[in-house]
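Data block below; observations after.
The values are calculated or read from the model by the stated rules, or taken from the named source; none is laboratory data. Being a predicted model, the structure only gives us computed values, none of them experimental. All Cβ positions, even for glycine, are placed from backbone atoms using ideal geometry, and neighbour counts span all protein chains on display.
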Amino acid sequence: MSNLHKEYDVAVLGGGPAGITAAISAARNGAKTIIIERYGFLGGMSTAAMVYPWMTFHSAVGEQVIKGIAQEIIDRLMALGASPGHLRDTVGFTHTLTPYHPEVYKVLACDMLEEAGADILLHTAAIDVKTKDNRISGVTLYNKSGISELKAKVYIDATGDGDIAYMAGDPWEKGNIDGKVQPMTMKFRMRGVDLNKVKDYMQNNPSEFYEKSLISELDLIPLTGVMGFYSQWKEADLPIQRDGLLFFSGPNEDEVLVNVTRVSGLDPTNSEELTKAEIEGRKQVLLLEAFFRKSIPGFEKASVSAVGAQIGIREARRIIGKYVLNGTDVLDGKRFDDVIARSGYPIDIHNPEGKGVTANFIREGGAYDIPYRSIVPMNTTNLLLAGRCISTTHEAQATTRLTPSCMAIGQAAGAAAALAVMHNCATAEVPILELQARLIEGNAELGYVD
Ligand SMILES: Cc1cc2nc3c(=O)[nH]c(=O)nc-3n(C[C@H](O)[C@H](O)[C@H](O)COP(=O)(O)OP(=O)(O)OC[C@H]3O[C@@H](n4cnc5c(N)ncnc54)[C@H](O)[C@@H]3O)c2cc1C
């Protein structure tokens, strides 16, 4: 017998970083809420694709620009011994990064949702959407109990790929001007790593690493991330479109998370191409394991301890909303009257077709605003977007997609959905000052708001 309700105020589709904070926020703001997730656990890319660590809660000059529920998650993880909190990023790409234990995050996410009063339904995929008069009238779900219809007053698309808005007929875009998305990456962990040896090698060969690496500070701060080993990588000449290695330490002392595989030119919203990407990604993991053991100091006795349950998807559909956040807005640190979240992460585009990464940093190390209009889709009036599918250009998505940004956007989407229910209005008509007041009450960081 089912304990679930027949109808909800707010239904959040997708249980990744954005969906989790969206559902917590909607429930805390008084809405009867459910979160639907196709896997048997929450966390999205953080858990299913082993994305790690979270980057970043700070601007380049060290101002914390993401707080709220995202910071609560960190505080709770720290209390459980499952995160050391925000540490300096020794790659030097961002000011801080935030390691966390993914298995504890899976449990904590459910605890926080249950404490807020939200219902959770796992192993359930949203497979279709019914619409009438520019409103979603129901979402078709598929799970082991069969096919059913979920009804809510307001829906939040937190599927990462924008599945719900796409099925509802909202306009969308994908990729750069050639329609090519950032490559996919199969992440994996290695254990048995001697990180002291890695550190010694870095201190003795600084020119072999990313120019911003904090190598001169490594006797004072923990080694959190490494980008480089350029000579070893060049010499190995593996068939992987990268120009160096990138890995991060933890969560255990002898462990790293490797972010090096790269599968380019395939579309993650095309199932056949996604299948090819999964197969190719896993092959690259084995190639890399052998390479690390043979060529990288400190990895002689290391081995693969875990591989993502799925390949990591950086970019899929971007749903076009009432405002399309662009790269200039980001780099100028633009402020918007309808700010609902901020981020200090730079534009970081992994080349969709070749090697390398294009990085563009925000002016004066500042942060930019994410406006409410970027989470309101163009057509559907009882839908909001949260996470990496919000309304941006290819360039701006290369920063809004990062986990802490998605968490902050999720909190805003949840509060806005609850207000739309309370005022019985379209999501585009949610009173922005009231929404901002709710977010500030929830400790979100909006910068100075008049
Ligand atoms: C290779 C890679 C490296 C990255 N590196 C970093 C990093 O170092 N630091 C960082 O902070 N971020 C990083 N990111 C970015 C970040 O992980 C993601 O962009 C972020 O997780 C997006 O959050 P989301 O909630 O929008 O989507 P997702 O994390 O994709 O979550 C979407 C959720 O919805 C579920 N779902 C999808 N469709 C359906 C459906 N139809 N029905 C039901 N459920 C559905 C999925 O199973 C998933 O749980 C990286 C991403 C990738 C891929």
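Points to keep in mind about this one:
- Restricting 268, 239, 206 to residues that are surrounded by fewer than 20 Cβ atoms within 10 Å (Cβ to Cβ) and either among the aromatic types (Phe, Trp, Tyr) or in contact with a helix residue (DSSP H, G or I) (Cβ under 7 Å, 6 or more places away or on another chain) (or both) narrows the list to 206.
- Whenever a residue of the stretch 180-193 is outside any strand (DSSP E or B), its partners that are of a type in the set (Asp, Glu) and more than 14 Å from the ligand (Cβ to nearest atom), lying with C-beta atoms within less than 7 angstrom and at least six residues away or across chains, give the pairs 180/353; 181/267; 192/254; 193/254; 193/255.
- If only residues of the stretch 321-348 that are buried (at least 21 other Cβ atoms within 10 Å of the Cβ), out of contact with any Gly (no Cβ under 8 Å at 6 or more places or on another chain) and of a type in the set (A, V, I, L, M, F, W, C) are counted, the one that is farthest from residue 364 (Cα to Cα) is 340.
- Among the candidates 27, 22, 18, residue that is away from the ligand (no atom under 15 Å from the Cβ), part of a helix (DSSP H, G or I), hydrophobic (A, V, I, L, M, F, W, C) and at pLDDT 95 or above: 27
- Residue in the stretch 48-68 that is farther than 20 Å from residue 227 by Cβ, within 11 Å of the ligand (Cβ to nearest atom) and in contact with a Gly (Cβ under 7 Å, 6 or more places away or on another chain) present: yes
- Sub-9 Å Cβ pairs linking a first residue in the stretch 150-164 that is on the phi < 0 side of the Ramachandran plot to a second residue that is near the ligand (Cβ under 9 Å from one of its atoms) and among the basic types (Lys, Arg), at least 6 apart or interchain, are 159/38; 161/388, ordered by first then second residue.
- Residues of the stretch 304-320 that turn out to be in a strand (DSSP E or B), surrounded by 18 or more Cβ atoms within 10 Å (Cβ to Cβ) and not aliphatic (A, V, I, L, M), as a count: 3
- Subset tally (residues that are among the acidic types (Asp, Glu) and closer than 16 Å to residue 412 by Cα) for the stretch 56-75: 1
- Selection of first residues in the stretch 1-24 that are in the same structural domain as residue 410 (by TED's automatic domain parsing) and buried (at least 24 other Cβ atoms within 10 Å of the Cβ) and of second residues that are modelled with pLDDT under 95 and not in a loop (DSSP other than H, G, I, E, B), restricted to Cβ pairs under 7 Å at least 6 apart or on distinct chains, gives an empty result.
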